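Dropping the structure in here first, questions after.
What follows draws every value from the coordinates through simple rules; no lab data is involved. The model shown is predicted, which means the values in this text are computed figures rather than measured ones. Glycine gets a Cβ as well: all are built from the backbone with ideal geometry, and neighbour counts include every protein chain shown.
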Amino acid sequence: MTEKPIAPWVKTALEMGPIVLFFIGYLWLRDRTFTFSGTEYSGFIVVTAAFVPLIALSTLALWRLTGKVSKMQLVTLVLVVVFGGLTVWFNDERFFKMKPTLIYLIFGGILGFGLLRGKSYLRIVMDEMIPLTPEGWMILTRRFTAFFFALALANEVIWRTMSTGAWVNFKTFGLTLAIFGFFLLQGRLFEAHSTRKDDGA
């Protein structure tokens with residue numbers, strides 16, 4: 001299905017909005033405790049409970065507006081619902097902190113499986129966004145695979161050894177900056193293996 005065009009700021013708001021609101025909500029409620037049906041819940045748990053339907057609604061809105069949702073977004077949504085639900089149900093924030101680890105392990109595992117078959121599954125997802133030669137896609141896929149596994153390891157180390165506040169900062173800013181930095185470092189690859197040169201662009 002062809003993706004319907006929408007304003008870039010709308011798409012960015014729908015994709016990043018829930019994460020930004022999660023961070024704001026955590027800052028607002030992190031030192032508070034709430035009691036529901038005789039059970040105490042930390043501010044982190046309450047914010048997580050609000051984040052789950054929020055990201056579900058933003059994904060639904062993105063699908064309604066564009067007519068398309070990527071497999072990556074669907075996997076992320078499913079894991080948010082599952083681990084966010086477990087976090088609230090068991091009143092244990094560790095479940096939600098594990099979520100990024102599993103997301104990056106799944107993505108890294110899928111890309112790694114494709115590499116073993118001599119294929120770039122990354123190309124299937126991003127081919128329209130980045131014009132690369134087949135060799136370029138294989139190189140980028142290997143780098144992405146290693147990058148995803150590194151992010152999974154970093155998340156495990158941070159949530160297991162640092163405070164909840166440190167993990168929230170890492171999830172909100174650290175992961176975003178890491179992904180941005182990763183793409184910046186691929187500049188030479190994009191230049192050397194761009195197919196636009198073949199089109200005389």
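What dipole magnitude, in Debye to the nearest 20, does the range 93-195 give about its Cα centre under +1 on Lys/Arg Cβ and -1 on Asp/Glu Cβ?
Values: 11 positive and 6 negative charges, 64 e Å.
Value, rounded to 20: 300 debye.
Where does each of M72, M126 land when they are ranked from fewest to most other beta-carbon atoms within 10 angstrom?
Working: M72 14, M126 17.
Ascending number of Cβ neighbours within 10 Å: M72, M126.
While we're on this one: Size of the dipole of the chain about the Cα centre, Lys and Arg at +1 and Asp and Glu at -1 on the beta carbon, nothing else charged, in debye to 20? Can you show the working numbers first?
Numbers: 20 positive and 13 negative charges, 41 e Å.
That gives a dipole near 200 debye.
Another question about this same structure. For the pair R160 and I179, how long in nm is the line joining their label points, each one 7 Å along Cα→Cβ?
2.4 nm
Report the semi-axes of the equivalent ellipsoid for the range 1-92 in whole Å, largest first, where each axis is √(5λ) for an eigenvalue λ of the Cα gyration tensor.
Values: eigenvalues 175, 42, 14 Å².
Its equivalent ellipsoid spans semi-axes of 30, 14, 8 Å.
Along the positive direction of the dipole of the range 1-92 (beta-carbon charges: Lys, Arg +1; Asp, Glu -1; about the Cα centre), which of V47, M72, F34 reaches farthest?
Going by the charge dipole, the pick is M72.
Let me ask another. For a quick size check, give me the Cα extents of the range 144-191 along its three principal axes, largest first, whole Å.
Sorted largest first, the three principal extents are 41, 18, 9 Å.
In addition: How many percent of Cα pairs in the chain exceed 24 Å? Mind dumping the intermediate values first?
On the way: 9798 of 20100 pairs.
Cα-Cα pairs in the chain separated by more than 24 Å: 49 percent.
How large is the charge dipole for the range 1-92, taken about the Cα centre, if only the Cβ atoms of Lys, Arg (+1) and Asp, Glu (-1) carry charge, to the nearest 20 debye?
On the way: 7 positive and 5 negative charges, 79 e Å.
In debye, rounded to 20, the range 1-92 gives about 380.
Over 23 Å between Cα atoms: which of K4/K171; K119/K171; K97/K119; K68/K171; K71/K171 fall into that group?
On the way: K4/K171 30 Å; K119/K171 30 Å; K97/K119 32 Å; K68/K171 26 Å; K71/K171 21 Å.
Over 23 Å apart, Cα to Cα: K4/K171; K119/K171; K97/K119; K68/K171.
Could you give the DSSP H helices of the chain that reach 30 angstrom or more along their long axis (alpha carbon positions) and whose average Kyte-Doolittle hydropathy is no lower than -1.0?
Values: long enough: 8-29 (31 Å, 1.21); 43-66 (34 Å, 1.80); 94-116 (33 Å, 1.22); 134-161 (40 Å, 0.54).
Taking the DSSP H segments of the chain (at least 30 Å long, mean hydropathy at least -1.0), we get 8-29, 43-66, 94-116, 134-161.
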